[in-house]
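A short worksheet on the structure shown next.
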Amino acid sequence: MPTVRFQSGEMVMGRWPGSNLYYEVKVLRFSPKSQLYTVIYKDGTELELKDQDIKSATGFRTRSRSRSRSRSPARRRSRSRSPARITRRSSSRTAAVAAAAAITESTPNSRRDAKLKDVLENPTKPVENNSNNKHENKEENDTANKVTEPEAKVEAEPEMSQGRYNLRRRKDDGDAKAVEVKQLQLEEEEAKPTTVPAATSTTPLDFGGRIGAYFWLLFLPAWVLFLLLQVTLVDPSLANFPPPLPPLETLFDGQALGIVLLWTLFQALLYILPVGKLSEGMPLRTGERLKYRTNGFFAIVVSAVAVAAAVYQGVDLTYIHSNFLQLAVASFLGSFLLSVYLYVRSRYVPPDQLALGGNSGNVVYDFFKGHELNPRIKNFDLKFFCEMRPGLIGWCVINFAMALAEMQEQHLEAPSHAMILVNLFQLLYVVDGLWNEEAILTTMDLMHDGFGFMLAFGDLVWVPFTYSLQAYYLVTHPNPLGLPALIAIVAIKLLGFYIFRMSNSQKNAFRRNPSDPKLAHLKTIPTATGKSLLVSGWWGVVRHPNYLGDLIMALAWSLPCGFSHLLPWYYMIYFIILLVHRNSRDMSECRRKYGSAWDEYCQTVRYRIIPGIY
């Protein structure tokens, strides 16, 4: 067994590929198979380094200081050129380097770059010293003298084994001067306070950019209102557009608002209970991994028991059906106020906590897309909570209430077969998501998207009140199903669920531990970031097999409603548009991140979602 010198979590000095410069990195893991350490830099870059490219942080600093002090003046003189050459060339270069070092020490950042450029371009020009303290002047002169020593660099000695990454000084004076200048600039950057790269506004804008943000802020609530008004019609045909708008005063109901708030607080209580596993998220740009309480399955079980107890005590759950619009409006108000809070608090967080895609500088766009990546109140993660709890579990409660309403409206002793299928299919989808709650930590929403209006509205309004349209439709539009149709629909659902679950499990396992022996049979394409792209298994068939499974399940949810109206097929149509757009976003992000490796991946795995078609 090879000796592992560095342990996971240890801070060491890692050499940056293509240079002799070492930066502080954190060891993530060691792969015995490849004999490589996976490390993460402070800017979030993950790379695999050889053992010789990693040094102990303490020993590295000690050796750097000792080398700069141990060389004697005589030895330095023995390596210099003739007096004549020193006078004509080296002296000007040395003076330029010394003067630049003095500027770096004594000049404010706002003026430093201009002075540095001036000194390097005019090495014989006298340098103005702004220091009024003699002690400071002495320190600057000492610093200037030290810079002339090649050994004073805080970089490793060149190694023969570094091959094409080996950087050596040219014998030619012009090249030497260029190397000195480059090294000086690198040292100046290293001398600045170490900070984690902040989110920048250079990330391409999604959803139509700034103008699109205005559009979606208005369109999304209006579209949900249209769907809910349309589904209440006796004939919900699009030919009856627009549906009649009820009096504005009937849209808001205090009791409905109270129910929404009580439900949200109940789910928050279940979330904070010390039950379930504490899971680690993916590494952030800072290298930190946040912890999440993944007890979603516990939450839905307790919620089911609470709802059953409420019905047993005589609570009329059909209130949800008769006040569906008012409950949706109350949820919209809650999501809007939450979005305002999220944006206001994001103005006071450090730059490294902002989302790359939600930092455009435009207030409306950042409010919509999400300015802060992981807003938390102590250990309570707001994005993770809203993503998986109130809306998702509320969706199942709404479906159950629609089954009770169907029995009441159609005077049935039990829900119809179509209603049972819709309830069971969607319940299975939610329970599976909460059982495998840890897998969501590797999704785009959690890793890249900030938490703003887009996700808040989607989690608290869009999911529970539009995904339940099939159940709402069946309350007043029955669709009898024969045994062959039942068997076919169940088979389609099981096929979609199998593809969805197996592909997601494979992806999540690979992202968390690529060196897992269970995944050794999978073929991959290495990338410059140190990560690898799967090109076998489920992910060798299409680029997004989980999307394929999702679409097949969406088909199974819509089939029980029949083909009389387009409205119950809304989810299927919307989901196709959503997944195509998400695939486009994912393609752009991966091409930017992986470069030519992504092009090779696309040539290997040709189809995006549907084999042979798309």
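The values are calculated or read from the model by the stated rules, or taken from the named source; none is laboratory data. In this text the structure is predicted, and so the values were computed from the model without any measurement. When we count neighbours, we look across all protein chains shown, and the Cβ atoms used for this are built from the backbone with ideal geometry, even at glycine.
Is it true that ARG543 is of a type outside the set (A, V, I, L, M, F, W, C) and surrounded by fewer than 18 Cβ atoms within 10 Å (Cβ to Cβ)? Criteria not met by ARG543. Only one of the numbered conditions (1) buried (at least 17 other Cβ atoms within 10 Å of the Cβ); (2) in a loop (DSSP other than H, G, I, E, B) is not met by TYR365, and that is (2). Here MET407 passes the criteria (1) of a type outside the set (D, E, K, R); (2) in a helix (DSSP H, G or I); (3) in contact (Cβ under 8 Å) with a residue 40 or more places away in the chain; (4) not assigned by TED's automatic domain parsing to the domain that holds ARG582 except the one numbered (3). A single member of GLY549, GLY612 is over 30 Å from ALA239 (Cβ atoms), more than 23 Å from the chain's Cα centre (by Cα) and not β-branched (Val, Ile, Thr), and it is GLY612. When the criteria are applied in full, SER303 meets the requirement of being polar (S, T, N, Q), closer than 30 Å to ASN423 by Cα and modelled with pLDDT of 95 or more. In the condition set (1) touching a Gly at 6+ places or on another chain (Cβ under 9 Å); (2) over 24 Å from GLU438 (Cβ atoms); (3) assigned to a helix (DSSP H, G or I), ILE487 is compliant with all but (1).
A quick yes/no check of all residues on (1) in the same structural domain as ASP206 (by TED's automatic domain parsing); (2) over 21 Å from GLN267 (Cβ atoms); (3) touching a strand residue (DSSP E or B) at 6+ places or on another chain (Cβ under 7 Å):
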residue	(1), (2), (3)
ASN359	yes, yes, no
ASP366	yes, yes, no
HIS371	yes, yes, yes
ARG376	yes, no, no
PHE380	yes, no, no
LYS383	yes, no, no
CYS386	yes, no, no
LEU392	yes, no, no
TRP395	yes, no, no
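Please verify whether SER564 is touching a residue at least 60 places away in the same chain (Cβ under 8 Å), surrounded by fewer than 17 Cβ atoms within 10 Å (Cβ to Cβ), out of contact with any helix residue (DSSP H, G or I) (no Cβ under 9 Å at 6 or more places or on another chain) and under 30 Å from PRO480 (Cβ atoms), treating the condition exactly as stated. Considered against the rule, which asks whether it is touching a residue at least 60 places away in the same chain (Cβ under 8 Å), surrounded by fewer than 17 Cβ atoms within 10 Å (Cβ to Cβ), out of contact with any helix residue (DSSP H, G or I) (no Cβ under 9 Å at 6 or more places or on another chain) and under 30 Å from PRO480 (Cβ atoms), SER564 comes out as yes.
Filtering the stretch 405-422 to residues that are closer than 13 Å to TYR473 by Cα and buried (at least 21 other Cβ atoms within 10 Å of the Cβ) leaves ALA405, GLU406, ALA418, MET419, VAL422.
Of the residues LEU469, LEU486, the single one that is in the same structural domain as ILE552 (by TED's automatic domain parsing) and either over 22 Å from the mean Cα position of the chain (by Cα) or modelled with pLDDT of 95 or more (or both) is LEU486. Taking into account only those residues within the stretch 1-53 that are hydrophobic (A, V, I, L, M, F, W, C) and over 24 Å from TYR594 (Cα atoms), which is farthest from the chain's Cα centre (by Cα)? The selected residue is MET1.
Being of a type in the set (A, V, I, L, M) and more than 30 Å from LEU284 (Cβ to Cβ) is a property that holds for LEU404.
Residues that are closer than 30 Å to ILE525 by Cβ and not in a helix (DSSP H, G or I) within the stretch 539-591 comprise VAL541, VAL542, ARG543, HIS544, listed in sequence order.
One line per residue, one yes/no per condition, for (1) part of a loop (DSSP other than H, G, I, E, B); (2) hydrophobic (A, V, I, L, M, F, W, C); (3) without any contact (Cβ under 8 Å) to a residue 60 or more places away in the chain; (4) not assigned by TED's automatic domain parsing to the domain that holds ASN323:
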{"position": "VAL422", "(1), (2), (3), (4)": "no, yes, no, no"}
{"position": "ILE440", "(1), (2), (3), (4)": "no, yes, yes, no"}
{"position": "TRP462", "(1), (2), (3), (4)": "no, yes, no, no"}
{"position": "LEU495", "(1), (2), (3), (4)": "no, yes, yes, yes"}
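Yes/no matrix, rows are residues, columns are (1) polar (S, T, N, Q); (2) modelled with pLDDT of 80 or more; (3) not assigned by TED's automatic domain parsing to the domain that holds PRO283:
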{"site": "TYR37", "(1), (2), (3)": "no, yes, yes"}
{"site": "GLY44", "(1), (2), (3)": "no, no, yes"}
{"site": "THR62", "(1), (2), (3)": "yes, no, yes"}
{"site": "THR87", "(1), (2), (3)": "yes, no, yes"}
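The residues in the stretch 470-484 that are surrounded by 15 or more Cβ atoms within 10 Å (Cβ to Cβ) and without any contact (Cβ under 8 Å) to a residue 24 or more places away in the chain can be counted, and the count is 0. Of the helices (runs of 4 or more DSSP H) that lie entirely inside the stretch 279-350, those containing 3 or more residues that are closer than 25 Å to ALA403 by Cβ, in the same structural domain as ASN436 (by TED's automatic domain parsing) and among the β-branched types (Val, Ile, Thr) span 296-312.
The set of residues in the stretch 14-58 that are of a type in the set (Val, Ile, Thr) and without any contact (Cβ under 8 Å) to a residue 40 or more places away in the chain comprises VAL25, VAL27, VAL39, THR58. Kindly establish whether LEU270 is at pLDDT 90 or above, assigned to a helix (DSSP H, G or I), buried (at least 17 other Cβ atoms within 10 Å of the Cβ) and in contact with a helix residue (DSSP H, G or I) (Cβ under 8 Å, 6 or more places away or on another chain). Judged against the criteria, LEU270 is a match.
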